[in-house]
Amino acid sequence: MSENIHTAINAVMKEVGYVQKSRSGGLNYSFAGEAALIAALRPAMVEQNIYCFVMDVRDVETREYTTGNGKPMVNVSLTANVCFTHAPSATSVIVTARGEGSDSGDKANNKAMTGAYKYALRQTFLIETGDDPDDNHEERGSQSTHTPAQRTTVSQARVTPPPAAKLQATAEPAAAATPAVSPQPATSAPANSNGKKPRPLAPADLKDIITRKAETLKGRKISDMQKRDLSKGIEEFFATPDANARCKQIEKWLTGFDSLSDMPANVAIALYEWAKPRVADGAYQIDADTGKELELLWKQVDSESVPF
């Protein structure tokens, strides 16, 4: 029998290390849902005398938005503290997780709570998910996956950025190689009182901001999951047969690199922090301002016929 919550969690991790994703009817992506995680973890948790519960919820934010198809939606994001307790020893650990959910009715809050609880389970027991762990979905680029951004807390060590000197040497030629293009669209509105231009930003302004942001992020790492979330978030926003091509062309226009795999880590993470792709109700979502900026970017890219 485990002595405390720490050894109990370790014992559960030895028993459960992988949860297979599944696909719901009518969806073109697969994901590991709350029910699958509980079904996999519950027997081992019971065996190790672990129970868990949500202690409190904070930082609740609610906003309304309209999808590209004109459908009104409600989005809720929140932070939950989930307590995992070892009954025999009365020892416990508290895990903090973010949850987010969107719905056209009144279920956004419930979806956000479910998301936070699910990610607390995944983070605590380091649960791996995937249709095939050996598949390189980034290279295939055709299969949508459900890989939340929150998961990067346990996976960033998988990717090591190139040395800083190499980033500098690589980024400069790429920028110089960008061909001359047609005149940029009108810039964004003048900066407000805090020095920031209001969103949505014009393509030229956005490109400049991402370039300057990347300079401040040298040495940062980006995980395979973050890269995939970035690409899938943009692809699912467009939801067109050529969505993958649009994504690559936009990424190249903004950074000068042909693909995410070619980018220095600091450039890729700057893109990721701009797009902020999130998963809610099993689907990737982009906020309204980012969506408008993507539409402006595609008009610019399409008018220039940027190759990739």
Is segment 7-22 home to any residue that is touching a Phe, Trp or Tyr at 6+ places or on another chain (Cβ under 6 Å), at pLDDT 80 or above and not in a strand (DSSP E or B)? yes
Does at least one position in segment 66-77 carry a residue that is within 17 Å of Val54 (Cβ to Cβ), touching a strand residue (DSSP E or B) at 6+ places or on another chain (Cβ under 6 Å), modelled with pLDDT under 95 and assigned to a strand (DSSP E or B)? yes
Of all residues in segment 215-227 being under 18 Å from the mean Cα position of the chain (by Cα) and assigned to a helix (DSSP H, G or I), which is nearest to Ser259 (Cα to Cα)? Lys227
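Among the residues of segment 240-270, which ones are outside any helix (DSSP H, G or I), surrounded by fewer than 24 Cβ atoms within 10 Å (Cβ to Cβ), out of contact with any Asp or Glu (no Cβ under 8 Å at 6 or more places or on another chain) and in contact (Cβ under 8 Å) with a residue 12 or more places away in the chain?
Kept after step one, since they are outside any helix (DSSP H, G or I), are these residues of segment 240-270: 240-242, 256-259, 263-264.
Applying the additional criterion that residues be surrounded by fewer than 24 Cβ atoms within 10 Å (Cβ to Cβ) yields 240-242, 256-259.
Right, trim to out of contact with any Asp or Glu (no Cβ under 8 Å at 6 or more places or on another chain) and you get 240-242, 256, 258.
Passing the criteria: Gly256, Asp258.
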May I ask you to list pairs of residues, at least six apart or on different chains, whose Cβ atoms are under 8 Å apart, with the first in segment 219-232 being under 20 Å from Gln285 (Cβ atoms) and the second being part of a loop (DSSP other than H, G, I, E, B) and among the aromatic types (Phe, Trp, Tyr)? none
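If you scan segment 23-57, which residues turn out to be surrounded by fewer than 12 Cβ atoms within 10 Å (Cβ to Cβ), outside any helix (DSSP H, G or I) and modelled with pLDDT under 90?
Across segment 23-57, the qualifying residues are Ser24, Gly25, Gly26, Asn28.
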Considering Ala87, Ala112, Ala108, which residue is aliphatic (A, V, I, L, M) and surrounded by fewer than 16 Cβ atoms within 10 Å (Cβ to Cβ)? Ala87
For segment 283-296, check the following and say yes or no: at least one residue is in a helix (DSSP H, G or I), more than 30 Å from Ala112 (Cα to Cα) and basic (Lys, Arg). no
Top-ranked residue of segment 273-282 - restricted to ones that are buried (at least 17 other Cβ atoms within 10 Å of the Cβ) and hydrophobic (A, V, I, L, M, F, W, C), ranked as modelled with the highest pLDDT: Ala275
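The values are calculated or read from the model by the stated rules, or taken from the named source; none is laboratory data. Predicted, not measured: the structure shown is a model, and the values here were computed from it. Here the Cβ is made from the backbone with ideal geometry for all residues, glycine too, and neighbour counts use every protein chain on show.
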